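Derivation of every value follows stated rules applied to the coordinates shown; laboratory data play no part. Bear in mind the structure is a predicted one, so any value in this text is a computation, not a measurement. Because the Cβ atoms are built from the backbone with ideal geometry, glycine has one as well, and the counts that use them run over all protein chains shown.
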Amino acid sequence: MSDTKRSSRIAGFHRQTIAERIAAVSEFAGLTDAERAHLADTGNLPPETADRLIENVVGTMNIPVGIATNMRIDGRDRLVPMATEESSVVAAVCNAARQCYDNGGFTTSMSGARMIAQVQLLDVSDVQHARLRILERIDEIRTVCDECDPLLVKLGGGFRELEARIIETRSGPMVITHLIVDTRDAMGANAVNTMAEALAPRIAAWTGGRTNLRILSNLADRRLARARCTWRLADIGGSEVRDGIITAYHFADADPYRAATHNKGIMNGISAVVLATGNDTRAVEAGAHAYAARNGRYASLTHWETTHDGDLAGSLELPMAVGLVGGATRLHPTAKVALRILGTDSAEDLARVIAAVGLAQNFSALKALATTGIQKGHMALHAHNIAMMAGAVGDEIDAVARALVAGGKVRLDLAEAELKQLRSSSRLGG
């Protein structure tokens, strides 16, 4: 079918079954029978579950789930599921954790489980008076918020604090109300959004202004997860390695171009655990990067320094809005198994584990950069992916990968040539 005859306007697409949607998409895109069958195979996620998680489902995207070993967190040994497609991420956490295991591993803490909802107030001339009118209504606001979610209150959560800020914008001054809510073991987006929407008409009535946005903030700086760890010089290769890691950190902390890659490496580990447990990777990532810029410039999320004994001390603090209830955590079967493996019993515990993984990931990245370079370990693992892309199967994958690593260049064209030579040699040998 020519492009001029194809239309993306498919009537009633959202009401169709998955099979009907696959047929429509296949006709539009000219998919083969094998491609259609691949879409229909949803793996270990039942199609009826997938069809309720998002809209217009035609298939699933399976991501490998690996296990980070060697993790000792707050005196307890943990196995940590990580969902990622990137080579060396899981191995990096395992290696970092192994090098600090005998020194006690990671120590973590949490500032609390409070989320922020914002209500935007516009068209108010007396913004200072409007701000105080809102603050004067704290008891009424508490009642309105807690009535929105009686179960949350029963579980020990609910409204905790009230803030009102005046900000100057290109649209003029705005009064922004912050509802600070303890969401317990939930990530809390639905709860705080409901509270903000219920409160908005009252704020407008009290102030004579007009409310606009009523939505949570993903800069969850009342929900900070913290992790720290000390690596002994004898376990990491000596003072030269320590100093290389610290100067690499200083680079990231001073330069946003480096900080972006530095923090992306931290999020490699964090997002993998967030995804494996069915939590919102985008919310956590947005909060982390916003927090990294909280002082007016984008900087490192981690801190690295030398202890009194000369060892290497690392620490990480960042917003961690994750939960054990709501979203995909209770719906996705793999997420439920991942939480079982992790053995976590609270959102706080999960957040603390995730922070430890982020710190471990950063240690491994900085150590590699300061010593052998990032490519040596990463490309050894990446070579297997390139071998498979070239068409290698079975034992051919390891053979081609070894040849690529030995040659010092990991490229698809070289993998294809190596595979061709390997198969030719096998035929001649046979």
When a footprinting reagent is the concern and you count Cβ atoms within 10 Å, what order do D221, D41 take, fewest first?
D41, D221
For region 232-237, in residue order, the Karplus 3J(HN,Hα) values (coefficients 6.51, -1.76, 1.60; θ = phi - 60°; whole Hz; Gly and Pro = x) are 6, 4, 5, 8, 10, x
When you have a sec, figure out the Kirkwood radius of region 287-348 from all distinct Cα pair distances and drop it here in Å to one decimal?
14.7
List the aspartates and glutamates whose alpha-carbon lies under 15 Å from that of K420, not counting same-chain residues fewer than 8 positions away?
D395, E396, D398
Sorted by Cβ neighbour density within 10 Å, fewest at the top, the residues V337, V80, V90:
V337, V90, V80
Cβ-Cβ FRET estimate between V144 and D309, R0 fixed at 60 Å, reported to 0.05:
0.65
Of I138, Q118, G188, farthest towards positive along the dipole that unit charges on Lys, Arg, Asp, Glu beta carbons give region 114-217
Q118
What ³J(HN,Hα) values, in whole Hz, does the Karplus curve 6.51 cos²θ - 1.76 cosθ + 1.60 give for region 102-114 when θ = phi - 60°, with x put for Gly and Pro?
6, 9, x, x, 9, 10, 10, 7, 9, 7, x, 10, 9
Alpha-carbon Rg with Dmax, taken over region 196-239, Å
23.4, 66
Charge dipole of region 197-355 built from unit charges on the beta carbon (Lys, Arg +1; Asp, Glu -1), centred at mean Cα; most positive-end Cα among Y298, L275, G310 is L275
If every alpha-carbon in region 376-429 counts as one equal scatterer, what log10 I(q)/I(0) does Debye give at q = 0.16, 0.18, 0.19, 0.27 1/Å?
-0.37, -0.47, -0.52, -0.98
So what does log10 I(q)/I(0) come out to for region 237-332 at q = 0.19 Å⁻¹, using the Debye formula with one equal point on every Cα and no solvent?
-0.91
What is the mean projected area of the alpha carbon convex hull for region 114-217, to one decimal in square nanometres?
5.8
Restricted to Cα positions, what overall size does region 3-53 have along the principal axes? Three whole-Å values, descending.
38, 25, 12
All Cα pairs of the chain, percent lying beyond 33 Å:
50
Sequence-distant residues sharing a close amide H with L318 (under 5 Å, placed H):
A225
Just to be sure I understand the model, the point goes 7 Å from the Cα along the line to the Cβ. What's the resulting D126 to A293 distance in nm?
3.7
Sorted by Cβ neighbour density within 10 Å, fewest at the top, the residues Y291, Y257, Y101:
Y257, Y101, Y291
To the nearest 20 debye, region 114-217 has a Cα-centred charge dipole, built from +1 on Lys and Arg Cβ and -1 on Asp and Glu Cβ, of 160
Treating only the Cβ of Lys, Arg, Asp and Glu as charged (+1, +1, -1, -1), what charge dipole size does region 376-429 show about its Cα centre? Round to the nearest 20 debye.
140
